[in-house]
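Heads up, the thing below is written out as structure tokens.
Please treat every number below as a calculation from the coordinates, not as lab data. The structure presented is a predicted model; accordingly, all values stated were derived computationally and were not measured. Quick reminder, even Gly has a Cβ in these numbers, built from the backbone with ideal geometry, and neighbours come from all protein chains shown.
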Ligand SMILES: *Cc1c(COP(=O)(O)O)cnc(C)c1O
């Protein structure tokens, strides 16, 4: 498992990385010492690095490659649109066919009463848009003091200033500061923080934190609550069953907006079109990105409920937008991606066939000596690595997650480590045979990790 490099091109690219590239979310010191792994091609659920290793991509790129790599229809859709109209903006009373057709296609899939879409270049920009739109909405309704947004500790809403502020990642807050009037409540992470409570008790407790925060801030000051239906980057945190029903009760009591960040859950990852469909929630806004284009080209957006749109229409100017809002090439790719998801009945197959299989096979790993819990929904999964299965105690300071991730990469599987939680989010098109391969490789890598951290050969 050395980082031995045999292809001279790999060394050249690593040198370029050192000389010129500032990478996102990377330990710059480590990256400089070891150099990046260079991924150069992909097909189906596999990627290849420049050392010739074929690797099963258990993360679908970064949660996004829903239809898998190598779909020529998406390439053709982009090429056709580039020839016809590579760019035009959607500012100042103009539009173009792809953006309008895409808005309609998304409205058709979205929950009832959510019929309008504001397009952005990314999920982060979708949440920036949300922040400005929510405050503009309340101000337009004559309640400008209603501007506090409640997020959750360890939630992830992107990496722009608004995204990082809405999210609850301490490491991000510590660099660059925070936008004012954003507050956070605890997350529904039973395995990590539930203590002696049962999962159901803890789910109620965590949901009640929302009500407490609303009362503490004052409902006349609270504009919205934002949450991912299932936290992704925080470690695939599937809330206890009691959590969302209780949150729904609380949201129904107070006049605040509910924003579902669907950037990961949206477009089929739970086996439903949206995470809010899976949990039966009624959002006022939904942030989208990632699976919208299967990651082939950047695009995000914000789906907005009719009542909110009615207020915005009355208010006149919305002084917000991005050069690439509704980019025609991205819109054409998104339209084709949605067509593939629909016509190939990919989400139906996830719900009925492949996700039950993935979840069943993943749970077989619960018997492994290192594994404290296996959880997941749809095509999302998490494996908690622990020192003590009963007490849920961690291996302090050993970096077990990163050790396991290293073994995975070196044995042909991409799993991401969030602390000592291993997470997966494979392409929605993964087959049962490929799921077998994923789980078999995961077990092998857990064994290698156990041998390393428990000091047994
Ligand atoms: C990835 C992600 C974002 C940010 O999207 P970008 O396209 O990276 O800006 C926002 N919310 C959630 C839940 C995400 O997973």
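Applying 1/(1 + (r/R0)^6) with R0 = 45 Å to the Cβ-Cβ distance of residue 200 and residue 343, what FRET efficiency is obtained, to the nearest 0.05? Walk me through the intermediate numbers first.
Numbers: r = 40 Å, r/R0 = 0.89.
Approximately 0.65, to the nearest 0.05.
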**Request:** List the relative contact order of the chain as a percent without decimals, with contacts defined as Cα pairs under 8 Å and 6+ residues apart.
**Result:** 20 percent
**Fill in**
re the stretch 72-343: pairs of Cα atoms spaced beyond 34 Å account for a percent value of 17 percent
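Counting only C-alpha contacts under 8 Å and six or more residues apart, can you give the relative contact order of the stretch 72-343 as a whole percent?
30 percent
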**Asked** How much of the DSSP beta bridge set in the chain is antiparallel, as a percent to the nearest 5?
**Response** 65 percent
**Item:** Label-point separation in nm, residue 306 to residue 19, each point 7 Å along Cα→Cβ
**Value:** 6.0 nm
**Request:** Provide the packing ranking of 381-392, 73-84, i.e. peptides ordered by the mean count of other C-beta atoms within 10 Å per residue, highest first.
**Result:** 381-392, 73-84
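Starting from the Cα-Cα distance between residue 85 and residue 219, subtract it from 0.36 nm times their residue separation and give me the gain in nm to one decimal.
On the way: separation 134, 0.36 × 134 = 48.24 nm, distance 4.71 nm.
Additional length available on full extension: 43.5 nm.
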**Prompt:** Can you work out the FRET efficiency for the pair residue 389 and residue 48, with r the C-beta to C-beta distance and R0 = 35 Å, to the nearest 0.05?
**Reply:** 0.45
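Over the stretch 277-385, calculate the relative contact order: mean separation of alpha carbon pairs under 8 Å at least 6 apart, over the residue count, as a percent. Spell out each step's value before the answer.
Values: 93 pairs, mean separation 18.6, N = 109.
Once divided by the residue count of the stretch 277-385, the mean separation gives 17 percent.
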**Fill in**
Within the stretch 72-343, the percent of DSSP beta bridges that are antiparallel, given to the nearest 5, stands at 45 percent
**Message:** Cβ neighbours within 10 Å, averaged per peptide: list 261-267, 434-440 in order, most packed at the top.
**Reply:** 261-267, 434-440
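May I ask you to order 403-416, 290-303 by the average number of other C-beta atoms within 10 Å around their residues, highest value first? Present the calculation step by step, with values, prior to reporting the outcome.
Working: 403-416: 20.9, 290-303: 25.9.
Ranking, from highest mean packing down: 290-303, 403-416.
Hey, what number do you get for the chain at 222 nm if only DSSP H runs of n ≥ 4 count, each worth -39500 (n - 2.57), divided across all residues, to the nearest 500?
-12500 deg cm²/dmol
FRET efficiency for residue 75 and residue 139, Cβ-Cβ distance as r, R0 = 30 Å, nearest 0.05?
On the way: r = 44 Å, r/R0 = 1.46.
The value I calculate is 0.10.
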